[in-house]
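The values are calculated or read from the model by the stated rules, or taken from the named source; none is laboratory data. Computed from a prediction, not measured in an experiment: that's the story for all the values here. Please note: Cβ atoms are built from the backbone with ideal geometry, for glycine as well, and neighbour counts cover all protein chains shown. Protein only, heavy atoms only, side chains kept; ligands, DNA and RNA dropped before computing areas. Shrake-Rupley method; radii C 1.70, N 1.55, O 1.52, S 1.80 Å.
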Amino acid sequence: MHASGIEANFDGLIGASHNYGGLASGNLASDANRNAISAPRAAALEGLAKMRRLMDWGLVQGIVPPQERPLIAPLRALGFSGKGAGSDRDIWEGAFRSDPRLARQFISASPMWAANAATVSASADAEDKRVHFTPANLVSMCHRAVEAPGTARALARLFPDPERFAHHAPLPAHAAFGDEGAANHMRMSAGHGMPGVEIHVYGREAFDGYAGTFPARQTLEASRSIARLHGIAPGSCVFVRQSARAIAAGAFHNDVVAVAHLDTLFFHEWAFEDKPAALDAIRRAADGLFEPRFVEIRAAEVPIGDAISSYLFNSQLLRRPGANHLTLLLPMESAENSRVKAALDRVSSEGGPIGEAVFVDVRQSMRNGGGPACLRLRVPLTASEAAALHPGAVLTPALAARLEEWVRRYYREALAPDDLGDPALVDEIRAGLDVLTQILDLGSDFYAFQRASGD
Ligand code: SUG
């Protein structure tokens, strides 16, 4: 354990309902793959292989359990009652038959993208010296807005000690407070346990007109509220507007065009609306704490379209224990784009902070617009906070092997769009999740279907 703390990565374990719904407007990959046949088993194994890699590098790797899907309680609330006794299977079958477009909002495996689970502040930045979590309300997209209660429950289990971890409620579920979690939040510091700069990137101001082609999911008002709730001193926060042209090109979250780790910010020239002001604000906030290092990729070297299709910036920027440079863990797609590959070769050989580029296959998630960085929630921790994590969800070689076996047993190899309406899926997925609560030691009332109330 590094004296100044560590960054734990909590990845969303990809759920058995992983499918291509084309549900996310402004996310070009989701749109392009609408109705493709998905491979849930391969998807989950890809995700686990990525987690294994971090664990093998000696980093702390945690797991965010998949959420229950299909979600039945909201369908009941929308008036679906099923035939006969109105069992959950009946409700799912009836809802899918009568309105498949609506039903598909409730069977997405979208909680896999843990970068959207919550915004997390380091204890060193917070007034009360606890790690703060605010689950994202994700109100911009129907299929994602239903994640917040399940996320709150999971985070409370994974980070249980109230002396060290503070859990807030999601922001009010209105577009004015649209919040997409850590995908629009970066932290820079000299060490994970040391005071740093919290950078919030927003797409629009709530009470201004917004006329972009694609939704700007995060509001300034949401970002400011989170900073207030977390008790971050105003001088340690920077609020930066994402560039409208990046959103128009398909950068639906900041983490598609920028990523930070320790003192380094790696970003595309077009990431921010006013780049000089953004970099200046970061420099000012960092004054006396650390010297920020900026690694910029110019549009002339990698056009924004290539950056987005390759997910160059949706990479994990990490320091492998013992290394004196940073490592970028990127999706395979970045190695396959010649301009992107050339830029990576330049960046990692010019003696700057980034010294290595490693590629990982997460193609199943990528086809829904979720790269390596989307799949993980970063949690900066001191040694004593790391010791207070729920131990059942911290990856070990034995747990990884158990989870791989579990996936092979409970996940289908393929899901075609019409398979989603199969009522057998409801029981099949629940049987798997029931076993998962034992594997991860989550207790026997973690999922709604395990509770007598059912919600
Ligand atoms: O919210 N895709 C997700 C991808 C999230 C990526 N996360 C980060 N950038 N941090 C989204 O757009 C597609 C689901 C579908 O179409 O079936 C989806 O929700």
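Values as computed for the structure displayed
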read-out	value
Relative contact order of the stretch 80-142, pairs being alpha-carbon contacts under 8 Å that are 6 or more residues apart, as %	19
Sequence ranges 393-405, 361-373, ranked by mean other-Cβ count within 10 angstrom, highest first	361-373, 393-405
Estimated inter-spin distance, ARG363 and TYR210, nm [label 7 Å along Cα→Cβ]	3.4
Cα lying deepest toward the dipole's positive end in the chain, options ALA323, ALA258, ILE6, charges on Cβ	ALA258
Cβ-placed point charges (K, R +1; D, E -1), dipole of the chain about Cα centre in debye, nearest 20	240
Percentage relative contact order, the stretch 32-133, counting C-alpha pairs under 8 Å, at least six apart	17
Cα→Cβ-extended label distance, 7 Å offset, between ILE37 and ALA85, nm	3.5
Extended-chain gain in nm, criterion 0.36 nm per residue less alpha-carbon gap, ALA342 and ARG228	36.9 nm
Candidate lysines for bridging to LYS341, where Cα separation is under 21 Å - those fewer than 8 sequence places away on the same chain excluded	LYS50
Cα centre as origin, Lys/Arg/Asp/Glu Cβ charges: the stretch 1-102 dipole, Debye	240
Residues of the stretch 145-192: accessible area per residue with a 1.4 Å probe, Å²	36
Contact order relative to length of the stretch 143-300, as percent, for alpha carbon pairs under 8 angstrom and 6 or more apart	22
Alpha-carbon centroid distance for the pair the stretch 368-400 / the stretch 144-190, whole angstrom	15
Electrostatic dipole magnitude of the stretch 333-455 [Cβ: Lys, Arg +1; Asp, Glu -1; Cα centre; debye, to 20]	360
Length released on extending from SER349 to ALA49, taking residue separation times 0.36 nm less the Cα-Cα span	105.3 nm
Volume per residue of the C-alpha convex hull in the chain, rounded to whole Å³	131
Segment ASP434-ALA169, length gained on full extension (0.36 nm per residue, minus Cα span)	92.8 nm
Nitroxide proxy distance, nm - points 7 Å out along Cα→Cβ at ALA323 and ASP427	4.8
Rounded to the nearest 10 Å², the accessible area of THR382 at probe 1.4 Å	40
Of TYR311, ILE429, LEU229, farthest towards positive along the dipole that unit charges on Lys, Arg, Asp, Glu beta carbons give the chain	ILE429
